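Here is the structure we will look at.
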Amino acid sequence: MPRLEPIPSAPAIVLGGGVAGLAAARLLSRHFPRVLVLERDVRTDVDAPEEAFRTWRRGGVPQLRHSHAFLARLRLVLLAHLPDVLDRLRTHGVREIALADMAPPGMGFEPEPADEDVVLLACRRTTFEWALRAGVQDRPEVELREGVSVSGLVGGSRNGGRPWVGGVRLSDGSELPAALVVDALGRRSPMPGWVTALGAPAPAERSEDTGIFYYTRFYRLRRGRAPGGTTGVVAGDFGWVKLAVFPGDAGTFLITVGAPVDDAGLKELADPQRFERFVSAFPQVAPWRARGVSVPISGRQTPVLVMGQLRNRLRNFVDADGPLAPGLLVIGDAAYHSNPIYGRGCSQALVQAALLDEAVGRHPRDPEAAARLLHQLSEQQIRPFWDAAVSADRRARGERRSAAPGNALAYLSIMAQQAFGWFLERGMLPATREDPVVFRGLLRVFHMLDAPDTLARDPELVLRSLPMLARVLAGGGPEPSFDPVAREAALARMA
């Protein structure tokens, strides 16, 4: 069978109909008369997000029913490019939590005009995906095919150069031509094997273990109000375990426990009764499960969902010589996947969809130039957050990374990262509980509005954190946002 060549009249094909793929398809419809989304899972058409939560089963998206943070950067992408999606979310009970509502009580936080950008969307992943999917279905130029499995790429090479991508091969052996192929298949994407099978070089890859398992259970508030009038995310890191309450849409919330993979005693959290007893040991979480406040979202049978085998992984499909396979662009978790504890997955997916829109818009007839620009923009805007996640996970695992012998610059760079991590944990983070300026600066980085290195480069943030560092080192830091709970006490409660 002859290899397919890129056909300008062929559709742009998006592989994967999750958050990254749906957003990419909507934005690619600005540049292509036809966009085809191929998704392996089948989602029934439902009129409301509650039905989606109850009926959708997404084997390709194990994180579908786990905690998600829809950060301010994501909301700005929606405002700029997909306002209908944001309107649909608002109509169905998604709350927008302002920066002032996230500030610790008693801080004396005074909102500033720029704070209007720092807004968290309180939403379940199924609700967000439902709204995006409905927006795609409203666009006649976008076709969504579900229940379709892709087995590889098709293309060819010219004059012995790198192979170009001209389409995709389905699992039944048929081939679909494409003007452009976008990989939005997520962290399990088989794309590295597909490009090498086509004759392209293997993508450069970095991968590091996150060292953590996640246990999540969903609930619904009985009266639609959070205990104590709280509105934002409640989160605590006890060193031996991480714990968080994430508000959702339509009066829902979830509790997530992040446990080290090597802590055998915490693996029993998968049992709902033990999970409930465990979280009741934490004073800041127990009120959410007090009698009359909430119920498990599906009753007593509501499961505790477990997610593991998570790695920080980076794949580059563009090198110094250009795209490994021109005609292919890779976005979302298929390119940059980091520890979900930082809540950046969906936000990075939306940001990269917008960068894809920019790259294709500036190079509408040159897929190679579009791939180069997408890679350049992603390395500028996404890569720093991936690097920060890797560094934070190393600190959490207590690892010290050593430089190659004789490489003085690499050694100094690693030492600087370790030193700033130490300052961040003992100076800046405690200062966010008392200082509005430091709080605002750190939250802007958390919400991907400012780059992570802003924290080290902004002299005001550094200077305002120094007195707190001195207090912490002297043993007089602020009261922790979470009351300390010993591992033995929590395990005894669970048992």
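The values are calculated or read from the model by the stated rules, or taken from the named source; none is laboratory data. Computed from a predicted structure; not experimentally measured. Here the Cβ positions follow ideal geometry from the backbone for every residue, glycine too, while neighbour counts run over all protein chains shown.
Summary table
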| quantity | calculated |
| --- | --- |
| Some residue of the stretch 156-170 being within 13 Å of Leu36 (Cα to Cα), in contact with a Leu (Cβ under 6 Å, 6 or more places away or on another chain) and in contact (Cβ under 8 Å) with a residue 40 or more places away in the chain | yes |
| Hits in the stretch 116-148 - residues which are in contact (Cβ under 8 Å) with a residue 60 or more places away in the chain, out of contact with any strand residue (DSSP E or B) (no Cβ under 7 Å at 6 or more places or on another chain) and either of a type in the set (Lys, Arg) or surrounded by 15 or more Cβ atoms within 10 Å (Cβ to Cβ) (or both) | Asp117, Val118, Arg125, Thr126, Thr127, Glu129, Trp130, Ala131, Leu132, Arg133, Gly135, Arg139 |
| Verdict on Val85 being β-branched (Val, Ile, Thr), outside any loop (DSSP other than H, G, I, E, B), surrounded by 15 or more Cβ atoms within 10 Å (Cβ to Cβ) and touching a residue at least 40 places away in the same chain (Cβ under 8 Å) | yes |
| Residue in the stretch 226-238 that is at pLDDT 90 or above and not in a loop (DSSP other than H, G, I, E, B) present | no |
| In the stretch 318-354, residue nearest to Ser391 (Cα to Cα) [restricted to those that are part of a strand (DSSP E or B) and modelled with pLDDT of 95 or more] | Tyr336 |
| Condition broken by Tyr215, with the remaining ones in (1) hydroxyl-bearing (Ser, Thr, Tyr); (2) modelled with pLDDT of 95 or more; (3) farther than 19 Å from Arg313 by Cα satisfied | (2) |
| Hey, Arg206 assigned to a strand (DSSP E or B), modelled with pLDDT of 85 or more and more than 22 Å from the chain's Cα centre (by Cα) or not | no |
| Residue check, Glu96 within 29 Å of Asp450 (Cβ to Cβ), surrounded by fewer than 19 Cβ atoms within 10 Å (Cβ to Cβ) and touching a Lys or Arg at 6+ places or on another chain (Cβ under 9 Å) | yes |
| Test result for Arg313, surrounded by fewer than 23 Cβ atoms within 10 Å (Cβ to Cβ) and in a strand (DSSP E or B) | yes |
| Any chance Asp183 is among the acidic types (Asp, Glu), surrounded by 20 or more Cβ atoms within 10 Å (Cβ to Cβ), modelled with pLDDT of 95 or more and under 26 Å from the mean Cα position of the chain (by Cα) | yes |
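Let's see how each residue does on (1) without any contact (Cβ under 8 Å) to a residue 24 or more places away in the chain; (2) of a type in the set (D, E, K, R); (3) outside the structural domain of Gln380 (by TED's automatic domain parsing):
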{"position": "Arg426", "(1), (2), (3)": "no, yes, yes"}
{"position": "Arg433", "(1), (2), (3)": "no, yes, yes"}
{"position": "Arg440", "(1), (2), (3)": "no, yes, yes"}
{"position": "His447", "(1), (2), (3)": "no, no, yes"}
{"position": "Pro459", "(1), (2), (3)": "yes, no, yes"}
{"position": "Leu466", "(1), (2), (3)": "no, no, yes"}
{"position": "Ser481", "(1), (2), (3)": "no, no, yes"}
{"position": "Ala489", "(1), (2), (3)": "no, no, yes"}
